[in-house]
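A short write-up of the structure that comes next.
No lab work stands behind these numbers, since they all come straight from the coordinates. What you see is a predicted model; the values in this text were computed from it and never measured. Cβ placement follows ideal geometry from the backbone for every residue including glycine, while neighbour counts extend to all protein chains displayed.
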Amino acid sequence: MTPLKKSIPHIFLFSYLLVILFPFLFVIFSSVKKDNNEIARNPFGFPKEFVFTNYVETWVNAKIGTYFFNSMYISILASVISILLGAMFAFAVTRMKHGRWNVALFSLILVGMLIPNNSLMLPIYLLVRKMNILDTHLALIIPYIANALPFTIIILAAFMRSLPSEIEEAAVMDGLRAPGIFARIVLPLTIPAIVTVFIVNFLGNWNEFLLANYFLSTDTLRTLPVGMVQFRDQYQMNYAQMSAGIVYSVVPVIIIYAVLQEQIIEGVTAGSVKG
Amino acid sequence: MNKSLRNPLVYILFIFPALLLFFMFFIYPIFSSIYYSFTSWNGVSANPKFIGFSNYLKALEDERFWESAKNNGWFIVFSCFIQVPLIIFFSLLIANVKKLKGLYKTAVFLPSIMSTAVIGILWGFIYEPNIGLLNKLLGLIGIEPLYWLSDEKYAMFSILLTNAWQWTGFYIIMVLAAILSIPRDLDEAAEIDGATRLQRALSITLPLIKPIISVVIMLSIAGAMKAADIVIVMTKGGPAGSTDVLATYMIKYAITNFKYGYGNTIAVLIFIFTLILTALYQLFIARRSERIEY
């Protein structure tokens, strides 16, 4: 094949990459430009001078620090708890001996994957209000835990099923009971699947917008995506600072992605294929 | 095998928390939505009033409801007829290049892991009429600035474009995974027989990835029916309701206007529409494409 012919696919793919990556570059450049004038005069190019005070001012003005912390702890806590509850459930239905119940319970959870959860938002709003946790972080944490359960259970159950049954025989010989087998044998062996599920759940919670937007009204409780939207609406005209805000909210995701991209791609696509 | 793995008490203890949450946040809400969809209620006062099918009849005559449904339809049309061909095209390209495969795979997926809200803000900036990237680009070829998000003519298209930017890579990775799992010897045999790259793509790869394309279309339909956050962040449904989708219309009604009963009617209708679309797709298209396959 001629070299020219060989490079044709790369030309197409590079144009696609340009479309994907250029917006990021535009935002990064804009975030260190002096003001809107500077951005308007020179939208594509490298900044003439680097104004890093945008970052400082955004962190303070927009309370990005507060939102960042809220998002971080809500996302981690909800992901960990849904994995714990999901793993217990998955263990019970895959490794314990309750034949027909196992099948029925597992199928019930599968149904959860088919329900478009946006359309359940209103009753959940009401439920959260009745539980008296509206406008507290629990209003997000508990629904996030519940929402992640079907996916968590399906992936963990598939993994637990593949573990050989000799493990339990040996554990029972050593005098372990079911909770011990779960906590000391099966859970540690499931860690590869748990890591994947954790990342997927974490990203889902970190990015969630609708519940976070409507279930919280106290400003200092808000999560990062909601805080960002609010900041944009307030400081509509300051595009340099807005860009700095975007950089703040995108950087953690990019770092996680850079480190774990193989696992993220695998986990997210696994979930969607089954969903 | 032994008693400790049959212990019913432990079993119940292990399934109970997840099951309880599942009932609270999946099963109960479905029935609650159905119940309230037959009532007139503001969501606050003591007693919802039972009004039968009135809300459903109201929806049938509600022009803005159908306008919103039409916008969901645009999401589906755009993803099936513009995104899917692009997805197949780029997946085939990535599968067949030898160099830089890893780079392409990593980069195309990046937008899909980011918050839709933040992507909405980012693209809002790109669409900004005076200093946004897009109008500056168009300016280079002498096109006057367009009001992407505030002109009724372009607002919906702008949102669709952003949505495509976010999700195309995600589907490319799914299709790519399917292509890469096809046994290589099929392709090599055809290559030895002298088939060109294009011929091989059309007559070997494409038929074999039909099932995954079908999944991509199903996911696009499901995604189109629940699209909401991108609209709320980019246009809040405006200008003049021209970008409202069913989910945002539902939220506006129930939470902002305290029409909780009618809001739930819309929720139930979203659910029913999704079911119908999925069923129709399975019946007429997915099954037929399977028949052609071999």
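At q = 0.07 Å⁻¹, what is the base-10 log of I(q)/I(0) for chain B according to the Debye formula with one equal point scatterer per Cα and no solvent? Please give it to two decimals. Values, matching the q order: -0.40. Taking only the alpha carbons of region B:151-294, we obtain Rg and Dmax values of 20.5, 68 Å in that order.
About the centre of its Cα atoms, region A:133-268 shows a dipole size close to 200 debye [charges on the beta carbon of Lys, Arg (+1) and Asp, Glu (-1) only; nearest 20 debye].
Based on the reciprocal of the average 1/r between different C-alpha atoms, the Kirkwood radius for the protein assembly as shown equals 25.7 Å. Once the Cβ-Cβ distance of B:K236 and A:E262 is raised to the sixth power relative to R0 = 51 Å, the FRET efficiency obtained is 0.85.
For the pair region B:108-155 / region A:163-193, the C-alpha centres are spaced 54 Å from each other. Would you mind getting me the FRET efficiency between A:N37 and A:L77? Use the beta-carbon distance for r and R0 = 41 Å, nearest 0.05. Using R0 = 41 Å, I get an efficiency of 0.40.
Would you mind checking B:K153/B:K210; B:K70/B:K101; B:K105/B:K252; A:K130/B:K226; B:K210/B:K236 for any pair whose Cα atoms are more than 31 angstrom apart? Over 31 Å Cα-Cα: B:K153/B:K210; B:K70/B:K101; B:K105/B:K252; B:K210/B:K236.
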